Amino acid sequence: MALPDASLLTCYVLRKATGLASGLVIHADRALENLTNGSFGLVFSQSVLLALVAAGLTRDEAYRIVQRDARAAWEERRPFRQVLEDDPAVTLTEAQLDEAFDLTRTLRHTDRFADALADLP
């Protein structure tokens, strides 16, 4: 009884998603602005967390620092990187921060996503 309903629901959701994706218009310059400046750079929080762990902090310590500094960046409307640079608990070098805030690395799989969207019927 549940399998036919689940199948119909899956079909409905896939058709809705296809309709949304097929009509999607992306303004690359505006998307980039929203991604980096509009979020105060918080999109890089995972990269910062991983860099802190690689630098020797435990995952829990790194998580607490990233959460605290991300909240401060959002509430103070300051760039996340600036908050990190001002935090004495963050021992990352400028080069390590550059790598964590590398947008090219962060967006390295976007072509695969765009190709998958283009292949939709």
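The values are calculated or read from the model by the stated rules, or taken from the named source; none is laboratory data. Since this is a predicted model, take the numbers as computed values, not measurements. Here Cβ is always computed from backbone atoms with ideal geometry, including for glycine, and neighbour counts include all displayed protein chains. With ligands, DNA and RNA removed, areas are computed over all heavy atoms of the protein, side chains included. Shrake-Rupley method; radii C 1.70, N 1.55, O 1.52, S 1.80 Å.
Odds and ends about this structure:
- On inspection, T10 passes the criterion of being among the polar types (S, T, N, Q), assigned to a helix (DSSP H, G or I) and modelled with pLDDT of 85 or more.
- Near pairs, Cβ below 8 angstrom, 6+ apart or cross-chain, from segment 19-30 (within 14 Å of A116 (Cβ to Cβ)) to any residue that is in a helix (DSSP H, G or I): A21/L117; L24/L117
- Test result for L49, out of contact with any Cys (no Cβ under 8 Å at 6 or more places or on another chain), open to solvent by 80 Å² or more (accessible area, probe 1.4 Å) and not aromatic (F, W, Y): no
- For segment 33-57, filtering for residues that are modelled with pLDDT under 95, in a loop (DSSP other than H, G, I, E, B) and among the hydrophobic types (A, V, I, L, M, F, W, C) leaves 1.
- Of residues in segment 7-42 being surrounded by fewer than 10 Cβ atoms within 10 Å (Cβ to Cβ) and among the small types (G, A, S), the one farthest from R71 (Cα to Cα): G23
- Residue that is farthest from A17 (Cα to Cα), among those in segment 104-121 that are open to solvent by less than 100 Å² (accessible area, probe 1.4 Å) and part of a helix (DSSP H, G or I): R105
- First in segment 109-121 and closer than 18 Å to V25 by Cβ, second anywhere and surrounded by 10 or more Cβ atoms within 10 Å (Cβ to Cβ), Cβ under 7 Å, 6 or more apart: L117/A21; L120/T18; L120/A21; L120/S22
- Of all residues making up segment 58-93, the number that are without any contact (Cβ under 8 Å) to a residue 24 or more places away in the chain, assigned to a loop (DSSP other than H, G, I, E, B) and either basic (K, R) or out of contact with any helix residue (DSSP H, G or I) (no Cβ under 6 Å at 6 or more places or on another chain) (or both): 3
- With respect to (1) open to solvent by 60 Å² or more (accessible area, probe 1.4 Å); (2) closer than 22 Å to V53 by Cβ; (3) in contact (Cβ under 8 Å) with a residue 60 or more places away in the chain; (4) not β-branched (V, I, T), the lone exception for F101 is condition (1).
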